[in-house]
Structures are given as C-alpha cells and as structure tokens.
Amino acid sequence: MIVTEIIAITKSRYRVVLDETMSFVLYKGELNRFHIQEGAEFPEDIYRSLLHETLPKRAKLRCMNLLKSRDYTRKQLEDKLRQGGYPAKIIEDALAYIESYGYIDDEKYAKEFIAYNMQKKSRIRIENDLLKRGISRELICKVFDELKAMGMEADEVDMIEKLLLKKNFYTQSATDEEKRKIYGFLYRKGFHTDVINRVLYD
C-alpha cells in the first residue's frame, strides 16, 4: 500500500490516503513515529495494528466521551465518527459495541424526546426533528401510539392558542390578511391545516 496523500485537517490531525481509496485519520505524532510520508510504502504491520487495535479503540472511546454529555441516536454517533474520518468497518463495529451495552437506544431516545416536546411542538415538527436524527418513521409512530395509550397526547389547539397569545394575536379582531399571515406562520411550525382552521375560523 502506497501513501497517496496526507491532508492536514487541523494542526494535529491528518487524513492519510492509501492507494487513492482507503483513508483514516492519524495524529501528527503518529505520522512522525511511524515515519509515514507521501509516496512511501505504508508498513503492513503498522496498518494491521491501526485497523485492528488503535482505531477501533479510539472510535469506541470517542462514542463514550460523546455520550457523557448527552444522549445520541445511532445515526448521530455514526455521523460523528464519519466526520472523524474513521473507516466504515470501524464505525460499524464501534456502534455495535456501544449498542451491545445499551448505551444507545433509539426507541428510548424517541420516547424521551417526544414526551419532552409534546406540549411545545407540533407532531409534524417532532417527527421531522427525529427523522433528521436518524429515527425511522415507523418507530416514531410506534412511540406516539404507545404514549397515547398511556394517556399522553398533545393538545395542538392549546399550543396554537398559547402561541397566538404570545404574539398578541386575537382572532376576533384580526383582519383576513392578518389571519393569512398567521396561518402561514402556524403551518411552517408544522400544525395540521384542520387544527389551524379550527382555531382561526371556527
């Protein structure tokens, strides 16, 4: 394997590209210690050690350190590791390791997220937020149904009325033009059209 390119990411971290296809990130000290240079052969023993020991351990520690501050979904951790330049196999193995100990649980994450935001955001807004975090629509619907069965359900009419109150908007005295503008505002917030119409026009 030939070191095709060494790209500086920061002053201390560099992306090493092998044979123009394989790449991973190393620290400057590691480049010096292993005498890694562009155009040179990458030592086979160092390659095996990095791919089977150093980088897998580093990826797992990266996940654990991230999880110390807050919860993450599987996709969020995957994105963090990808940004860190870890090869796909190492990312998958690190996530499997973290999952095996229950440190990431997308269903638990979705339940806590929905329960916390249920009375502040529309269902559509919550769904979109969770989809961006890598939670499947099927799992989101399942969690909403479970919470509903437990008696936890959002009152979107109440949410809209509180938003209107904050904006000093009163439906009785509002003009048609003002209602059209506030309708657009509420629609962008993710509220269903039938709920918006009920509040503004009923």
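Among residues of segment 147-173 that are within 22 Å of Lys189 (Cα to Cα) and of a type in the set (A, V, I, L, M), those with a Cβ under 8 angstrom from a residue that is assigned to a helix (DSSP H, G or I) and open to solvent by 100 Å² or more (accessible area, probe 1.4 Å), sequence gap 6+ or separate chain, pair up as Val157/Arg198.
Here Leu31, Leu26, Leu81 are screened, and the one residue that is under 21 Å from Ile2 (Cα atoms) and buried (at least 19 other Cβ atoms within 10 Å of the Cβ) is Leu26.
Checking Ile135, Ile104 one by one, the residue that is touching a Leu at 6+ places or on another chain (Cβ under 9 Å), crowded, with 18+ Cβ neighbours inside 10 Å and touching a residue at least 24 places away in the same chain (Cβ under 8 Å) is Ile104 and no other.
Within segment 4-17, the set of residues being free of Cβ contacts under 8 Å to residues at least 60 places away in the same chain and either part of a loop (DSSP other than H, G, I, E, B) or out of contact with any strand residue (DSSP E or B) (no Cβ under 6 Å at 6 or more places or on another chain) (or both) comprises Thr10, Lys11, Ser12. Please verify whether segment 27-49 includes one or more residues that are closer than 18 Å to Gly102 by Cβ and hydrophobic (A, V, I, L, M, F, W, C). No, there is no match, as no residue in segment 27-49 is closer than 18 Å to Gly102 by Cβ and hydrophobic (A, V, I, L, M, F, W, C). The residues listed here are Gly190, Gly134, Gly151, Gly184; of these, the one that is modelled with pLDDT of 90 or more and at positive phi is Gly134.
The values are calculated or read from the model by the stated rules, or taken from the named source; none is laboratory data. None of these values were measured; they are calculated from a predicted model. Backbone-built Cβ (ideal geometry, glycine too); neighbour counts: all protein chains shown. These area figures cover heavy atoms from the full protein model, side chains too; ligands, DNA and RNA do not enter into them. Shrake-Rupley method; radii C 1.70, N 1.55, O 1.52, S 1.80 Å.
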